[in-house]
Amino acid sequence: MPQALTPDEALRRYGDSLSALERAELAQHEMIYYMGRPRPATLSGGAAADSHDDTLGDLLIWPHQQLAYRYEVLCVLGRGSFGLVVRAFDYRTSTEVAVKLIRNRKCLHDQACVELRLLKHLCAVDQPDSSGLVKIIDHFHFRGHLCMTFELLSINLYE
């Protein structure tokens, strides 16, 4: 596994191949764990070339894309009314996780914040493995999207 870089080291090493947005984003992180692959030129979704969202407000996703310079997108697991869920590799912890990416819409962001508070509360009061709740690991914002990381389960929650 590659060694984590400071933002300055990542900028020196990869700065020539980064957009202005990506160079600015690097400074917002303490450590850079994964740089990802650049956006494919043929990526669809009805988005402008400088946009990171499709017309519905979902984050445009491609294999080996980085999320928060820590996660590598492996595949899309599912889509729903709030956004999408991807399988990702967390380079900081060397584990696979599910990342729920909330659509970039204020009403959905507000509702997801309520969900996040409830999940954190339920996990805090739950005895270890007693209730069968999916375990939320972390959350972060990435390019205007609230993102929540969960343990990776073998089936979706509806099944």
Subtracting the Cα-Cα distance of T42 and S154 from 0.36 nm times their residue separation yields 37.2 nm
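Just reorder T55, T95, T149, T42 by solvent-accessible area, largest first, 1.4 Å probe, all chains present.
Numbers: T55 100, T95 60, T149 0, T42 125 Å².
Result of the area sort, largest leading: T42, T55, T95, T149.
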In vacuo Debye scattering of the range 85-149, one point per C-alpha: log10 I(q)/I(0) at q = 0.12 Å⁻¹?
-0.34
GNM flexibility winner over the chain from Y91, Y14, Y69 (Cα, springs under 10 Å):
Y14
Residues with amide H under 5 Å from that of L152, placed H, sequence gap 5 or more
A98
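For L116 and T55, calculate 0.36 nm times their separation in residues minus their Cα-Cα distance, and state this gained length in nm to one decimal. Don't skip to the end; give the middle numbers.
Details: separation 61, 0.36 × 61 = 21.96 nm, distance 2.49 nm.
Gain in length upon complete extension: 19.5 nm.
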Within the chain, what whole-number % of the accessible surface is contributed by carbon and sulfur, with the 1.4 Å probe and all protein chains included in the calculation?
54 percent
Residue among H29, H64, H121 with the largest mean-square fluctuation in a Gaussian network model of the chain, springs linking Cα atoms under 10 Å:
H121
At q = 0.12, 0.21, 0.29 Å⁻¹, what base-10 log of I(q)/I(0) does the Debye formula yield for the range 58-124 when every alpha carbon is treated as an equal point scatterer in vacuo?
-0.34, -0.95, -1.18
Below 8 Å between Cα atoms, with a sequence gap of 6+, how large is the relative contact order for the chain in percent?
16 percent
Reach of K120 by Cα under 17 Å, taken over lysines that are not fewer than 8 positions away in the same chain:
K100, K135
In vacuo Debye sum over C-alpha of the chain, base-10 log of normalised intensity I(q)/I(0) at q = 0.09, 0.15, 0.21 Å⁻¹, listed in q order, is -0.31, -0.86, -1.52
Tilt of helix 106-125 relative to the longest C-alpha principal axis of the chain, in degrees (0 to 90, nearest 10)?
50 degrees
What order do you get for 56-62, 98-104 when each peptide is scored by the mean count of other beta carbon atoms within 10 Å, highest first?
98-104, 56-62
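Can you tell me the accessible area per residue over the chain, all protein chains present, probe 1.4 angstrom, in square angstrom?
On the way: 9620 Å² over 159 residues.
Each residue of the chain exposes 61 Å² on average to a 1.4 Å probe.
The values are calculated or read from the model by the stated rules, or taken from the named source; none is laboratory data. All values reported here derive from a predicted model rather than from experimental measurement. Note: ideal-geometry Cβ built from the backbone for every residue, glycine included; neighbour counts use all protein chains shown. All accessible areas refer to the heavy atoms of the entire protein, side chains included, with ligands and DNA or RNA removed. Shrake-Rupley method; radii C 1.70, N 1.55, O 1.52, S 1.80 Å.
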